[in-house]
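Take a look at the structure set out below.
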Amino acid sequence: MDFSLSDLQQMMQDSVSKFIQKDYDFETRQSLVNSDLGYSEDNWKLFSDLGWLGLPINAEYGGIGGNLIDTIFLQEELGKGLVVEPIFSTLMLGANLVQKHGSSEQKTTMLEDVISGKLKLALAHAEGPAAFDITQISTTARKEGDKYILNGHKSVVIGGASADKILICARTSGKVGDENGISIFIINPDQQGTSTRAYTTNDGMRAADIKFNQVILDATSLLGEADTAFNAVDQVLHEAIVALSAEAIGIMGVLIDKTAEYLRTRQQFGNAIGRFQVLQHRMADMFMETEQAKSMLYFAAIEMAENKTNAKRAAKMLKVKIGSATRFVGQQAVQLHGGMGVSDELDIGHYFKRLTSINTLLGSKDYHLNELIKIPAIRQ
Amino acid sequence: MDVNFTTADLTFQKEVRNFFQNEYPMDIREKQEKGIYLKKDDHIRFQKALYDKGWAGINWPVEYGGTGWSATQKYIFFSESGEAKAPRIVPFGLSMVAPVIFSYGNDEQKQRFLPDILASNIWWCQGYSEPNSGSDLASLKTKAIKDGDDYIISGTKTWTTLGQYADWIFCLVRTDDSGRKQEGISFILIDMKTPGVSITPIITIDGTHEVNEVHFDAVRIPAKNLIGEEGKGWTYAKVLLTHERTGIARVGESRARLNALKELLDNPSNDVHNLSQNTIFMTRLLEVEIELKALEYTELRVLSAISTGKAPGPKSSILKIRGTEIIQTLDELFLEIGGIHSLPYLPDQYCDASDFEAIGPSFAAKTTATYYNNRKVSIYGGTNEIQKNIIAKQVLGL
């Protein structure tokens with residue numbers, strides 16, 4: 001039993017932490033949020049040079065070959081800086097799915113381009129009623145001869161506006177609810193019949209709604225084999241819960257440090273407000289929530305990385321814990337900062353906003369609790 | 001990052017599991033299974049079985065007959081013990097007074113006291129709290145006045161758990177009230193048979209006699225019963241408190257109770273209220289399961305830090321707070337599944353092993369008593385509010 005970091009994990013943590021301290025303060029981040037692109041291409045190149053983009057990609061495709069546990073240390077540090085570059089969508093969703101479901105040729109060409117920073121990816125899985133469970137999607141790709149005709153509407157595709165290629169989850173056979181019959185198509189955003197509406201999300205990130213109207217795709221657009229993508233996508237989404245939760249842990253750590261510092265310095269009634277027990281206990285609760293969420297992160301990361309029997313259940317349990325922890329810690333960090341907590345000028349509110357998104361992304365706490373209730377009690 | 005046990009750890013785990021399944025008296029095991037309260041003799045026989053196995057001194061150094069176990073081995077022991085519903089070790093001798101004696105006592109004291117503690121020949125109790133000194137323990141007033149080679153002790157200690165069985169009591173007493181209140185406190189050992197010591201029971205809301213008041217009316221004890229230096233008792237007690245918190249989270253025991261709850265739900269004859277179809281109840285059950293799993297990993301993280309030579313630190317306050325919150329939530333869930341059958345007050349059913357016709361399912365009568373009794377867990381050992389003060393001060397710098 002050992003929770004100390006491996007050399008790779010330590011290196012990754014140091015590398016990201018150094019970058020954020022040196023080149024990614026809050027003002028810089030905000031100027032990127034407010035820029036046309038919404039992030040920095042120079043940073044993206046730098047991330048490639050620093051090796052971050054190769055972290056979760058297998059060595060045979062030129063990556064570092066880190067596992068899911070390794071990625072949580074990258075994600076946690078990125079969270080601390082509220083980094084807006086599309087690492088989550090490109091690596092944790094897109095590249096991970098290519099790696100799990102692509103043909104060997106697709107893996108070779110696409111993953112190499114991801115590592116070198118040439119290819120940004122997005123995964124278009126979600127639709128209004130199907131935020132997490134892709135068996136519920138209604139986007140279809142009908143086979144006609146050796147072509148597929150794609151119709152449908154994907155909502156809130158994270159990183160969807162900046163992605164060079166988008167992976168679309170579509171139904172090629174079966175009916176709503178079936179695991180069989182799900183396929184993934186690789187499309188260019190400017191593909192004929194595709195319309196993209198890009199926007200900023202509440203947390204300063206970028207996303208897009210993408211509509212497909214009779215988009216004609218040839219068979220080479222298919223990622224891997226047809227009809228069989230469910231398991232790969234489901235696995236990727238559960239792994240992405242772990243990665244996203246790690247980001248939340250980084251954010252909550254920052255909020256605790258910053259709020260404690262504020263309580264030590266802010267004077268009211270002739271005292272630092274941190275002298276007041278009601279605030280001390282609130283902060284102790286925030287600290288405990290964060291530590292418990294971090295423990296849950298380690299549990300789920302290890303279960304998923306080792307492919308244990310109850311691994312997906314562990315990921316869902318993590319999302320529930322992250323849901324309650326992010327709500328509590330985010331809201332209380334704002335509350336304890338008083339009026340400053342709700343001012344746009346201060347970073348606290350922006351960390352809070354990202355936590356709010358994280359609870360909603362990949363299925364909220366309530367969603368996963370409900371899913372867990374459906375799974376019969378499994379003896380531990 | 002790795003939570004897997006080594007081959008040696010796994011072998012150890014098997015040995016521990018086997019002990020709790022086969023190697024301690026079967027009648028005690030049966031009582032534990034049925035949820036019947038143990039008597040004094042049961043506790044002693046269980047602890048003597050541990051002693052015979054060489055496992056009594058879990059946190060003791062090998063030179064005093066301790067196990068010398070690693071943090072991982074201690075974790076395995078407590079985890080298996082909890083899951084097997086084994087009795088908890090009565091902590092006052094083996095895990096509370098002994099570490100103070102082997103850390104701060106002189107050679108004569110070590111030879112005199114440690115062997116009998118290890119073999120559970122002597123029953124110890126704790127004299128810390130007083131009627132007017134609870135959370136503010138350092139305000140304690142029980143006086144020890146030096147008189148030649150003796151101390152004269154006067155005052156009252158309270159919430160003395162199982163003091164009715166005790167042969168000896170270890171006390172924090174005031175030897176000086178001129179300076180800072182923490183600095184005038186000394187750590188002293190008192191034979192309960194000394195003239196002037198008297199004990200009165202306190203009955204708790206579950207109807208049981210577990211705690212007591214202990215009165216000292218000019219009790220004359222030899223000065224050689226003082227441990228370490230006069231005025232250092234507060235320091236010793238504090239060191240003891242953070243010395244070893246393995247097992248304080250009681251994860252293994254809570255996991256066993258969670259599984260017991262699930263088993264009750266699985267059996268339709270128990271689940272008379274259809275709670276398994278009640279989303280609100282099932283949500284609460286799931287949330288406590290998640291919290292418990294997180295706590296298991298928090299404990300593993302603390303242990304991992306200890307095994308790499310770091311102090312567990314004030315973060316272990318989380319183990320106490322969340323561990324007790326989980327215990328109390330499980331109590332509520334049991335109360336819920338007990339339903340109306342948790343209402344009758346039937347102490348005979350869990351105070352005595354004799355045949356007793358249950359009203360409703362056999363587990364139901366005890367649910368309320370356990371719920372009441374466990375209100376103590378967030379109060380004793382430093383209330384959960386005091387634990388939060390510790391986190392705020394020592395972790396967050398407030």
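Of the residues examined, A:I322 is one that is in contact with a Ser or Thr (Cβ under 6 Å, 6 or more places away or on another chain) and among the β-branched types (V, I, T). Among the residues of the range B:16-48, how many are aliphatic (A, V, I, L, M), assigned to a helix (DSSP H, G or I) and surrounded by 19 or more Cβ atoms within 10 Å (Cβ to Cβ)? Summing the residues that are aliphatic (A, V, I, L, M), assigned to a helix (DSSP H, G or I) and surrounded by 19 or more Cβ atoms within 10 Å (Cβ to Cβ) in the range B:16-48 gives 2. If you go through the range A:114-132 and keep only what is free of Cβ contacts under 8 Å to residues at least 24 places away in the same chain and either assigned to a loop (DSSP other than H, G, I, E, B) or not assigned by TED's automatic domain parsing to the domain that holds A:D209 (or both), you end up with just A:P129.
A:V157: surrounded by fewer than 23 Cβ atoms within 10 Å (Cβ to Cβ) and closer than 30 Å to A:L369 by Cα, yes or no? Against the criterion (surrounded by fewer than 23 Cβ atoms within 10 Å (Cβ to Cβ) and closer than 30 Å to A:L369 by Cα), A:V157 does not qualify. Taking first residues from the range B:111-129 that are free of Cβ contacts under 8 Å to residues at least 60 places away in the same chain and partners that are among the polar types (S, T, N, Q) and crowded, with 18+ Cβ neighbours inside 10 Å, the Cβ contacts under 6 Å between residues at least 6 apart in sequence or on separate chains come to B:S129/B:T158. Residues in the range B:298-341 that are modelled with pLDDT under 95, surrounded by 23 or more Cβ atoms within 10 Å (Cβ to Cβ) and within 30 Å of B:Q277 (Cβ to Cβ): B:I337, B:G338.
The single condition among (1) of a type outside the set (V, I, T); (2) surrounded by fewer than 24 Cβ atoms within 10 Å (Cβ to Cβ); (3) within 11 Å of chain B (Cβ to nearest Cβ) that A:M317 does not meet is (2). For the residues B:V239, B:V219, the requirement of being β-branched (V, I, T), touching a residue at least 24 places away in the same chain (Cβ under 8 Å) and outside any helix (DSSP H, G or I) singles out B:V219.
Just to verify a result, which residue in the range B:118-137, among those that are of a type in the set (S, T, Y) and assigned to a loop (DSSP other than H, G, I, E, B), is farthest from B:I386 (Cα to Cα)? Once the filter is applied, the top-ranked residue is B:S120. Picking from residues in the range B:267-285 that are part of a loop (DSSP other than H, G, I, E, B) and not polar (S, T, N, Q), the one that is surrounded by the fewest Cβ atoms within 10 Å (Cβ to Cβ) is B:P268. Considering A:D257, A:D209, the condition of being surrounded by fewer than 20 Cβ atoms within 10 Å (Cβ to Cβ), within 20 Å of the chain's Cα centre (by Cα), among the charged types (D, E, K, R) and under 29 Å from A:N359 (Cα atoms) is satisfied by A:D209 alone.
Quick check on my filter: what residues within the range B:2-35 are modelled with pLDDT under 90 and under 21 Å from B:D348 (Cβ atoms)? Residues satisfying the conditions are B:E33, B:K34, B:G35.
Determine, yes or no, whether A:I158 is under 30 Å from A:D49 (Cα atoms) and hydrophobic (A, V, I, L, M, F, W, C). Taking the combined requirement at face value, the residue satisfies it. Scanning the range A:203-229 for residues that are part of a loop (DSSP other than H, G, I, E, B) and hydrophobic (A, V, I, L, M, F, W, C), we see that the one that is nearest to A:D146 (Cα to Cα) is A:A226.
Answer with yes or no whether B:S317 is more than 29 Å from B:G35 (Cβ to Cβ) and either within 22 Å of the chain's Cα centre (by Cα) or assigned by TED's automatic domain parsing to the domain that holds B:G35 (or both). For B:S317, the condition - more than 29 Å from B:G35 (Cβ to Cβ) and either within 22 Å of the chain's Cα centre (by Cα) or assigned by TED's automatic domain parsing to the domain that holds B:G35 (or both) - is met.
The values are calculated or read from the model by the stated rules, or taken from the named source; none is laboratory data. Remember, it's a predicted structure, so these values are computed and weren't measured experimentally. All Cβ positions, even for glycine, are placed from backbone atoms using ideal geometry, and neighbour counts span all protein chains on display.
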